[in-house]
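Engineer: Please read through the structure below; I'll follow up with questions.
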Amino acid sequence: MTSKNNTIDTIRQLLHNANNILLTSHIRPDGDAVGSLLGLGLALMAVGKDVQFVLTDGLPSTFKHLSGADQVITAAKEDFDLSVVVDCSDLERTGGSLGENQPDINIDHHITNLKFARHNLVEAKAATASIITNHLKDWDLPLTLPAAEALLTGMITDTIGFRTSNVTGETLRIASVLVDHGANISELYDQALVTRSYAETKLWGLGLSRLERDGRIVWTSLNNEDKKLAKFHGKGSADIINLLTSIDDADIAVVFLESDNHHIKVSWRAKPPLDISKLALSFGGGGHAAAAGADVNGTMEEVTAHILKATRAYLKNGILPANQISGL
């Protein structure tokens with residue numbers, strides 16, 4: 001039996017031997033984080049397991065229609081005997097949901113994953129939700145309709161409607177399994193990628209009003225005052241980065257989002273064959289070749305200047321910065 005098969009079998013045993021399972025994912029959760037969390041958790045609940053759904057930043061309103069959404073909590077209860085982290089490349093990105101404890105299981109698809117758990121299942125697929133879908137049968141877990149809806153939402157959002165460069169025939173075959181189990185792809189697509197609240201749309205307008213470009217790079221920024229003006233109460237940027245990627249003559253799009261504690265959340269998107277994950281990793285972040293991010297300490301002006309300088313150098317010469325952000 002290969003090492004990967006051993007890991008898959010170990011995860012099966014751990015899931016079935018546990019009674020109370022804590023599931024968590026990363027801060028500012030996106031659709032893959034939420035879909036993977038709920039999809040795996042609902043499958044576990046179907047076999048009688050008690051499950052805690054923990055997201056330190058809470059559940060984005062975009063996904064409140066999914067089964068189990070009302071059970072998401074922001075802090076873990078102490079009575080759990082197994083911890084699972086999904087769609088998260090490093091322990092710090094969980095936002096402290098497990099404290100300093102090492103998680104038991106880590107299921108993820110980011111190429112920058114640090115393999116921080118006791119047992120790590122990291123596969124380079126289009127979404128963590130697709131990994132979970134692929135292995136539910138291996139883990140003797142049922143693919144119920146509610147789980148299928150959550151998992152398909154994860155796949156739809158992480159591939160921006162199956163449009164990213166890492167979508168393969170296998171990706172579509174996995175999605176077809178979820179559709180065959182009753183998940184309505186058109187409705188889930190609309191909920192995840194089309195429908196926007198007034199506040200989110202207002203935030204987009206504020207971000208687009210300061211859109212800038214330099215050659216093949218486009219960027220914008222959103223600060224806390226923008227969120228107040230838009231009456232936007234979410235933790236993220238309402239996925240404005242996906243709108244910037246539609247600019248046809250830009251190779252890299254960047255969004256700078258002001259966070260608390262003197263941090264700026266930087267999100268990059270790049271067109272193939274660029275691998276923007278290497279740039280994000282150099283700033284303490286991570287992600288995928290075409291989509292990556294980092295949390296950087298400093299003011300908006302400082303971080304924007306440093307990130308754009310590094311991004312320009314990387315786009316022009318393939319040069320990564322040598323910890324140049326550390327002085328902020």
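The values are calculated or read from the model by the stated rules, or taken from the named source; none is laboratory data. Every value quoted in this text rests on a predicted model; they were computed, and no experiment measured them. Here the Cβ positions follow ideal geometry from the backbone for every residue, glycine too, while neighbour counts run over all protein chains shown.
Engineer: Quick test of your reading of the structure: R93 fulfils all but one of (1) assigned to a helix (DSSP H, G or I); (2) more than 19 Å from G293 (Cα to Cα). Name the failing condition by number.
Structural biologist: Failing condition for R93: (2).
Engineer: Run down L211, L178, L229 and say which single residue is closer than 30 Å to G39 by Cβ and either surrounded by 18 or more Cβ atoms within 10 Å (Cβ to Cβ) or not assigned by TED's automatic domain parsing to the domain that holds L152 (or both).
Structural biologist: On the way: L211 fails: closer than 30 Å to G39 by Cβ; L229 fails: closer than 30 Å to G39 by Cβ.
Of L211, L178, L229, the one residue that is closer than 30 Å to G39 by Cβ and either surrounded by 18 or more Cβ atoms within 10 Å (Cβ to Cβ) or not assigned by TED's automatic domain parsing to the domain that holds L152 (or both) is L178.
Engineer: Can you tell me how many residues within the range 1-31 are surrounded by fewer than 24 Cβ atoms within 10 Å (Cβ to Cβ), modelled with pLDDT of 95 or more and among the aliphatic types (A, V, I, L, M)?
Structural biologist: Result for the range 1-31: 6.
Engineer: Tell me yes or no: at least one residue of the range 32-43 is crowded, with 19+ Cβ neighbours inside 10 Å and not in a helix (DSSP H, G or I). Give the steps one after another, and end with the answer.
Structural biologist: Within the range 32-43, the subset crowded, with 19+ Cβ neighbours inside 10 Å is 32-43.
If we keep only those that are not in a helix (DSSP H, G or I) too, we end up with none.
No, that holds for no residue.
Engineer: Looking at this structure, is E149 at pLDDT 95 or above, in a helix (DSSP H, G or I) and surrounded by fewer than 23 Cβ atoms within 10 Å (Cβ to Cβ)?
Structural biologist: Details: at pLDDT 95 or above: yes; in a helix (DSSP H, G or I): yes; surrounded by fewer than 23 Cβ atoms within 10 Å (Cβ to Cβ): no.
In short, no.
Engineer: Does the range 181-190 contain at least one residue that is under 19 Å from the mean Cα position of the chain (by Cα), buried (at least 19 other Cβ atoms within 10 Å of the Cβ) and not small (G, A, S)?
Structural biologist: For the range 181-190, residues under 19 Å from the mean Cα position of the chain (by Cα), buried (at least 19 other Cβ atoms within 10 Å of the Cβ) and not small (G, A, S): present.
Engineer: Go through the range 155-182 and report how many residues are within 27 Å of P273 (Cα to Cα), of a type in the set (S, T, Y) and either assigned to a helix (DSSP H, G or I) or without any contact (Cβ under 8 Å) to a residue 40 or more places away in the chain (or both). Write out each step before concluding.
Structural biologist: Residues of the range 155-182 within 27 Å of P273 (Cα to Cα): 155-175.
This time we only want the ones that are of a type in the set (S, T, Y), so: 157, 159, 164-165, 168, 171.
Then keep just the ones that are either assigned to a helix (DSSP H, G or I) or without any contact (Cβ under 8 Å) to a residue 40 or more places away in the chain (or both); that gives 157, 159, 171.
Matching residues across the range 155-182 total 3.
Engineer: Please verify whether the range 183-193 includes one or more residues that are at positive phi, outside any helix (DSSP H, G or I), at pLDDT 95 or above and assigned by TED's automatic domain parsing to the domain that holds T56.
Structural biologist: So in the range 183-193, the residues at positive phi come out as none.
Within the range 183-193, not a single residue is at positive phi, outside any helix (DSSP H, G or I), at pLDDT 95 or above and assigned by TED's automatic domain parsing to the domain that holds T56.
Engineer: Looking at the range 198-223, I want the residues that are over 23 Å from N317 (Cα atoms) and part of a strand (DSSP E or B) and have a partner that is of a type in the set (G, A, S) and at pLDDT below 95 with Cβ atoms under 8 Å, at least 6 apart or on another chain. Which pairs are those?
Structural biologist: L222/S237
The rows are residues; the columns are (1) assigned by TED's automatic domain parsing to the domain that holds D57; (2) part of a strand (DSSP E or B); (3) more than 27 Å from L193 (Cβ to Cβ); (4) touching a Ser or Thr at 6+ places or on another chain (Cβ under 7 Å).
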position	(1), (2), (3), (4)
D248	no, no, no, no
L257	no, yes, no, yes
P273	no, no, no, no
T304	no, no, yes, yes
L315	no, no, yes, no
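Engineer: Right, here's the next one. For the range 1-31, which positions are touching a Leu at 6+ places or on another chain (Cβ under 6 Å), outside any helix (DSSP H, G or I) and under 18 Å from D108 (Cα atoms)?
Structural biologist: Selection gives I21, L23, S25, P29.
Engineer: Taking the stated definitions as given, is I132 surrounded by fewer than 21 Cβ atoms within 10 Å (Cβ to Cβ) and in contact with a helix residue (DSSP H, G or I) (Cβ under 9 Å, 6 or more places away or on another chain)? Break it down into steps so the answer makes sense when it comes.
Structural biologist: Values: surrounded by fewer than 21 Cβ atoms within 10 Å (Cβ to Cβ): no; in contact with a helix residue (DSSP H, G or I) (Cβ under 9 Å, 6 or more places away or on another chain): yes.
For I132, the condition - surrounded by fewer than 21 Cβ atoms within 10 Å (Cβ to Cβ) and in contact with a helix residue (DSSP H, G or I) (Cβ under 9 Å, 6 or more places away or on another chain) - is not met.
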